[in-house]
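Read through the structure below, which is laid out as structure tokens, and then see the notes.
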Amino acid sequence: MEYFLPEIMYIDDAAAVYSKTWEIVAKFPNVPVRRIHEKPEALTDLAYSTRRVDRGKKILYLTTQKGRFFKKCPGTKGLICCNYYVINFATNCHLDCSYCILQEYLENNPFITFFVNIEDLLAELDRVFSEDPQRVYRVGTGEFTDSLAMDEITEFSKIVVPFFASRANATLELKTKADTIEQFVNLDHRGHTSVAWSVNPPRIIASEEPKTATLDERLRAAALCQQAGYTIGFHFDPIILYPEWERDYHQVVERLFDVVKPQHISWISLGGFRYTPELKPMIRQRFPHSRILCGEFVPCADGKMRYLKPLRVQIYTSMLAKIKRYGQHIPVYLCMDSKQVWQRVYGWTPNCDQDLTHLFDRRLSL
Ligand code: SF4
């Protein structure tokens, strides 16, 4: 895995009063620091760059979150969502996978941004979780970044894992393609944190995710987290089609069950590769050797392009059958796909707020 080493750090006025800012700065004694008042100043530096996405991934911007950190995962119009909440503690990611939607979402805000006012985050979570103690909150941190890609720098996990351990009605999912677990693996998590790896066959990791941890490294980290009592999640997302996809993805299933016991798995998700029309030219331009755009795609209700429906059904049916050989009760769900596809794969369609929550809650130590 490639560790994050910024070329420059920007610190705005709001961030300068937080000790977290200076802890992070101290980790990079040789990286120049530039003090700015607010973000527009930093954006000016990129105004004439023809490669602002690439340039932005080399800049660490320390600032504060001025809005809310916590929100319900927006899901996608017309598709089944899984009743999930997200904490936006950072945006962007240096690991730079070819298919990453962030290169398009964050084109106008392309820095690696970390929000240092973590005290405000904890106060907000405390308020939300206390307001409705009967409700169970399943929370993730990987909507606009990878949960652990720069955790050895921010040590964010060291703060949130103990925080969730002390909350009766909330669980945290750290979702990643990294293998940096040393910061939190030995903490007292009390079963309230699940660590989840997005996985792909080694050849896809090598061609589309080359800066991330290898499959072996991810599974080694998963084994250590399992040993420390964490439940483990896996996300087959995005599943990418090529002639030998089925053999290769089935081999990944076999390898992960060589390492993790079925009873320690929190959940497994399946999601076929999808992209927005705006992302396509960026992939072509930034990753000219990528083959992920080969194949036939159709526009879906949310505006994203996906593999043809019969192909998606075939992918999910095949993966579900393979996974269920290791345990009928392992929760497996489809990420961002339609009711019709759910129906054809499972023979039933979940109700977002009931069936899926129930499916997950059985696996949580609450
Ligand atoms: S690891 Fe995740 S967030 Fe980071 S570049 Fe890859 S897909 Fe994007």
Have a look at 143, 173 and point out the one that is under 15 Å from the mean Cα position of the chain (by Cα), at negative phi, touching a residue at least 60 places away in the same chain (Cβ under 8 Å) and buried (at least 22 other Cβ atoms within 10 Å of the Cβ). 173
Would you tally the residues in the range 296-325 being charged (D, E, K, R), outside any helix (DSSP H, G or I) and over 21 Å from the mean Cα position of the chain (by Cα)? 2
When you go through (1) open to solvent by 10 Å² or more (accessible area, probe 1.4 Å); (2) more than 13 Å from the ligand (Cβ to nearest atom); (3) at pLDDT 95 or above one by one for residue 108, which number turns out not to apply? (3)
Pairs, first among the small types (Gly, Ala, Ser) in the range 298-313, second surrounded by fewer than 17 Cβ atoms within 10 Å (Cβ to Cβ), C-beta under 7 Å, six or more apart: 301/77; 301/78; 303/276
Test: residue in the range 269-284 that is away from the ligand (no atom under 14 Å from the Cβ), part of a loop (DSSP other than H, G, I, E, B), modelled with pLDDT of 95 or more and in contact with a Leu (Cβ under 9 Å, 6 or more places away or on another chain): no
Residues satisfying the stated conditions in the range 229-244, i.e. buried (at least 17 other Cβ atoms within 10 Å of the Cβ) and not in a strand (DSSP E or B): 230, 240, 241
Can you name the number of the only condition in (1) closer than 22 Å to residue 107 by Cβ; (2) open to solvent by less than 10 Å² (accessible area, probe 1.4 Å) that residue 265 fails? (1)
Given the conditions (1) in a loop (DSSP other than H, G, I, E, B); (2) away from the ligand (no atom under 13 Å from the Cβ); (3) closer than 21 Å to residue 319 by Cβ, which single one is not true for residue 200? (2)
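The values are calculated or read from the model by the stated rules, or taken from the named source; none is laboratory data. Everything numeric in this text was worked out from a predicted model, so none of it was measured. Every residue, glycine among them, receives a Cβ derived from its backbone with ideal geometry; neighbour counts consider all protein chains shown. The area values use the complete protein model at the heavy-atom level, side chains included, leaving out ligands, DNA and RNA. Shrake-Rupley method; radii C 1.70, N 1.55, O 1.52, S 1.80 Å.
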